[in-house]
Amino acid sequence: MTAHKANQTRLTGKTTDELLDELTLEEQVSILAGDGLWSVNPIERLGIGSLRVTDGPSGARGSGGLVGGVTAAAFPVGIAIGATWDPELAMEIDAAIAAEVKSKGAHVSLAPTVNIHRSVTNGRNFECYSEDPELTAALGVGYIKGLQDNGVSATVKHFVGNESEIERTTISSEIDERSLREVYLRPFEDAVKKAGAWAVMTSYNRLNGTYTSEHDWLLNDVLRGDWGFDGVVMSDWFGSHSTAPTINAGLELEMPGPTRDRGEKLLAAVETGEVSRQTVRERAANVLKLMERDGSLNDQRPFEEHADDRPEHRALIRKAGAAGCVLLKNDGLLPLSQPSGKIAVIGPNAKVARIMGGGSAQIFPHYSISPWDGLAARLGEEALLYAAGCTNHRWEPLFHGEITAEFFDNKRFEGTPVHVKRMEASEGFWVPPVAEGKVDQRRFSVLIRSDFVAEVDGIHRFGIHSAGFSKILVDGELVADAHSAWTKGRTYFEEGCDEVVGEKVLEAGRSYEVVIEFVSKDMKLLYGGAFRAGIGVPMGDAGIAEAARAATEAETAIVFIGRSEQWDTEGSDLQDITLPGKQDELVAAVLAANPRTIVVLQTGGPVEMPWVDDAPAILQAWYPGQEAGNAIADVLFGDTDPSGRLPQTFSRRWQDNPTWSQDREVYPGLDSKVRYQEGVFVGYRHYEAMGIAPLFPFGHGLSYTQFDMGGLEASVDETGVTVSFSLTNIGDREGSAVAQLYVGQRQPRLRRPVRELKGFAKLTLKPRESRQVQKRLTHRDFAYFDVAKRSWVVDPGSYVLSLGSSAASISVEVEINLMAYSEPA
Ligand code: BGC
């Protein structure tokens, strides 16, 4: 690093203050908002570059839309990283993501997502790490360091209270201060204090009535005041709604651009005195500081993005994907050895690589490996049988082939198309410049034409949903109409309608002309437009019978079931946690046909498992990134010990979850409010307090070997407690254990959780190897937040330290006595 005076930028050696002195008020204002979807205005006069951002969090998408574009490396999603319980691995992943961000010409990653798994149905749980603030905070810190140590800024999001996607842009999360401080703010606090995060993104929602993007207490008092944050706060995309309130509350950047509430409006507010020149200067100074930190200040390179498919990233993704796999149950069937008979590879997720969730976290991967591909690479296709069994889609399957899109610079398909494009599949996501800038992004229409040859006789389902108006015509006949009947649904960030499906009987072998008419519409959260169309053939029960037959013929059956990015997605919550379609029936049928059946689940959270008692082995693999199939095969065959542990409790039924209530205000919200009634009793804290036995507890996960945890000792001193214990691999294979340290107060004065995670250690041990582990706990680890005193308070008395392999399986406990202690917020 070049040595330079404190506060001095690398740009011509000027200090930020000197640079600010040279900026006119207009120029200062111009860097307080985006100039496009993913960038901030440069100031060419002074050689100040443009700050560029990219989503996040499972890779770096770059400036394209959600579909197509420059390819990127797809890393495991948040919950899969959560399941690794490995902050060092998170750091390693993010060092690689930093390189990806640079390959997309960007300086800032819009990640990590550190919201908490409050409801099991939250569409974005896949993107967040855990239901537990300690685990979330530790992984978030690893993630941020990995990026920032490599010169790329993190943007910790979404600050705060964005635990559901329902009405997310208007709802008010009603959260009491103690729960905020102990649970929801905690990962952000560590991001600032322990990782020195350079940027924070506010959430879409309001917090106790006020939009977080203009929340003075949240941004000025807590973030900057209590925690000492010195970076940039940016709005979520289109999530800032005012001029003076946002800038006065501490929001540096209105994103994206072009500006809606700043620019001229901000200059006028300075004129009237609503916003002081000093405030503008301070906010602009923070933007320059970020640009200095991430190198964008003097980045004069022409904007360029490219695909950088590195072998070392492939290897890291495979390792990380396997490290997040959680072995939920194993009666001894796993690990598999070289089979002598066939393996039946069954299920709707068998031949499709489920590698990521949906929404802004989506990227266009370099490639993706399905479970079938992974097993075939290892055993050869001739060793495998296949049956899909049933479907699990939310939307009818995309079709491919010769598809062309003709763009018109009006909403009526009039005149000659101004742009014609080949499409890979029957979906489009158009962000500015739409059609290479040849149409007005607010007023255009598109005709998408294709021929479809039916493979079977019978009813075909045609589905379409769009952010914009759309229709499907088959041989000129209107089959699905998402135009005249368009109503706001749960797709495309709440800007799209729900899928509209029409049916038509087709003849096998005949070719049909399929035309999709798309017309743009006004939107709040998206520029441009998007649609997705699909054609499906209902499967009936024949698929399940065929799958059962394949299982009977095989030595072992592996059923790949779960969900996909259509379900686990930004912009919509799940309606329940049952497996979509006929997957439960499929599992039951395969289990009945062959007792040597392994269930591999891929979801972004828990599902109900009515067949759990009959299944000898269940592996949860989440969405592990582009190497999905290889990572899963590594675990199934024991090349890698399943070292993942649940970052979220798997309850038996959705009804057991703390957000399940007759009272809609508790979830999903009523009259624009969602009340976090359970307080600090989130996740396992709730199940413990209510005496509800979960299906699989928080922290649970089996290894192929066994461990012994013991020798727990604790010694109290003036600044905290030193805890030590031993961990021994008592089996005959190498394996990884996650020792979990929980803290509870014997007789709390106020209602507190029975136990709360305050430390953990992941260790890989050889057979018979034993290791001593030391953990340091501070006063804060025993404290609750006292709102009246605005302090973290430890009441004097007796506390229990519990060491175990999950929140529900504690191996050993010790009791300690603590004196009274308190520290300010
Ligand atoms: C999401 C953010 C994301 C942003 C930009 C929003 O819809 O909530 O997480 O970074 O879009 O894509």
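Some observations on this one:
- Any chance Gly56 is at pLDDT below 95 and either within 16 Å of the ligand (Cβ to nearest atom) or buried (at least 24 other Cβ atoms within 10 Å of the Cβ) (or both): yes
- Out of Thr71, Thr16, one residue alone is away from the ligand (no atom under 16 Å from the Cβ), open to solvent by 10 Å² or more (accessible area, probe 1.4 Å) and either out of contact with any helix residue (DSSP H, G or I) (no Cβ under 8 Å at 6 or more places or on another chain) or on the phi > 0 side of the Ramachandran plot (or both). It is Thr71.
- If you go through the stretch 561-576 and keep only what is within 16 Å of the ligand (Cβ to nearest atom) and either farther than 19 Å from Arg118 by Cβ or open to solvent by less than 10 Å² (accessible area, probe 1.4 Å) (or both), you end up with Glu565, Asp568, Gly571, Ser572, Asp573.
- Helices (runs of 4 or more DSSP H) contained entirely in the stretch 185-279, each with at least 1 residues that are within 16 Å of the ligand (Cβ to nearest atom) and crowded, with 24+ Cβ neighbours inside 10 Å: 186-193
- Tally, over the stretch 147-165, of residues that are more than 14 Å from the ligand (Cβ to nearest atom) and either among the acidic types (Asp, Glu) or open to solvent by 10 Å² or more (accessible area, probe 1.4 Å) (or both): 4
- Considering residues of the stretch 286-304 that are within 14 Å of Gln148 (Cβ to Cβ) and among the charged types (D, E, K, R) only, the residue surrounded by the most Cβ atoms within 10 Å (Cβ to Cβ): Asp294
- Arg510 being surrounded by fewer than 22 Cβ atoms within 10 Å (Cβ to Cβ), closer than 30 Å to Ser39 by Cβ and not β-branched (Val, Ile, Thr): no
- When Arg771, Arg776, Arg749 are checked against the criterion of being within 20 Å of Tyr821 (Cα to Cα), open to solvent by 70 Å² or more (accessible area, probe 1.4 Å) and part of a strand (DSSP E or B), a single residue qualifies: Arg776.
- Within the stretch 397-413, the set of residues being farther than 15 Å from Ile516 by Cα and either without any contact (Cβ under 8 Å) to a residue 24 or more places away in the chain or under 33 Å from the mean Cα position of the chain (by Cα) (or both) comprises Pro397 only.
- For the residues Asn115, Asn150, Asn125, the requirement of being of a type in the set (S, T, N, Q), touching a residue at least 24 places away in the same chain (Cβ under 8 Å) and closer than 27 Å to Ser791 by Cα singles out Asn115.
- Which listed residue is assigned to a loop (DSSP other than H, G, I, E, B), free of Cβ contacts under 8 Å to residues at least 24 places away in the same chain and open to solvent by 20 Å² or more (accessible area, probe 1.4 Å), from Thr391, Thr416: Thr416
- Filter result for Thr113 (within 15 Å of the ligand (Cβ to nearest atom), out of contact with any Ser or Thr (no Cβ under 8 Å at 6 or more places or on another chain), at pLDDT below 95 and within 24 Å of Trp237 (Cβ to Cβ)): no
- Selection status of Gly374, at positive phi, more than 17 Å from the chain's Cα centre (by Cα) and at pLDDT 95 or above: no
- Residue match in the stretch 132-146 (condition: buried (at least 24 other Cβ atoms within 10 Å of the Cβ) and charged (D, E, K, R)): yes
- Residues that are in contact (Cβ under 8 Å) with a residue 40 or more places away in the chain, within 23 Å of the chain's Cα centre (by Cα) and not assigned by TED's automatic domain parsing to the domain that holds Ser805 are absent from the stretch 734-757 altogether.
- Within the stretch 305-327, being aliphatic (A, V, I, L, M), crowded, with 23+ Cβ neighbours inside 10 Å and within 15 Å of Ile97 (Cα to Cα) holds for Ile317, Ala320.
- Some residue of the stretch 705-724 being open to solvent by 20 Å² or more (accessible area, probe 1.4 Å), assigned to a loop (DSSP other than H, G, I, E, B) and over 28 Å from Glu823 (Cβ atoms): yes
- Qualifying position, being out of contact with any Asp or Glu (no Cβ under 7 Å at 6 or more places or on another chain), modelled with pLDDT of 95 or more and among the basic types (Lys, Arg), among Arg262, Arg283, Arg277: Arg277
- Scan the stretch 758-768 for residues that are in contact (Cβ under 8 Å) with a residue 40 or more places away in the chain, open to solvent by less than 80 Å² (accessible area, probe 1.4 Å) and over 15 Å from Asp132 (Cα atoms) and the total you get is 4.
- Listing of strands (runs of 3 or more DSSP E) fully contained in the stretch 596-688 that carry 2 or more residues being among the polar types (S, T, N, Q): 597-602
- Tally, over the stretch 328-359, of residues that are open to solvent by 20 Å² or more (accessible area, probe 1.4 Å), farther than 16 Å from Asp634 by Cα and either assigned by TED's automatic domain parsing to the domain that holds Pro112 or under 21 Å from the mean Cα position of the chain (by Cα) (or both): 3
- Listed by first and then second residue, the pairs with beta-carbon distance under 6 Å, at least 6 apart or on different chains, first residue in the stretch 356-371 and under 9 Å from Ala74 (Cα atoms), second of a type in the set (Asp, Glu) and not in a loop (DSSP other than H, G, I, E, B), form an empty list.
- Matching residues in the stretch 547-560 - criterion: being outside any loop (DSSP other than H, G, I, E, B) and crowded, with 18+ Cβ neighbours inside 10 Å: Ala547, Ala548, Ala550, Ala551, Thr556, Ala557, Ile558, Val559, Phe560
The values are calculated or read from the model by the stated rules, or taken from the named source; none is laboratory data. Since this is a predicted model, take the numbers as computed values, not measurements. Cβ sites come from the backbone with ideal geometry, for glycine too, and all protein chains shown count toward neighbours. Remember, those area values only see protein heavy atoms, side chains included, never the ligands or the DNA or RNA. Shrake-Rupley method; radii C 1.70, N 1.55, O 1.52, S 1.80 Å.
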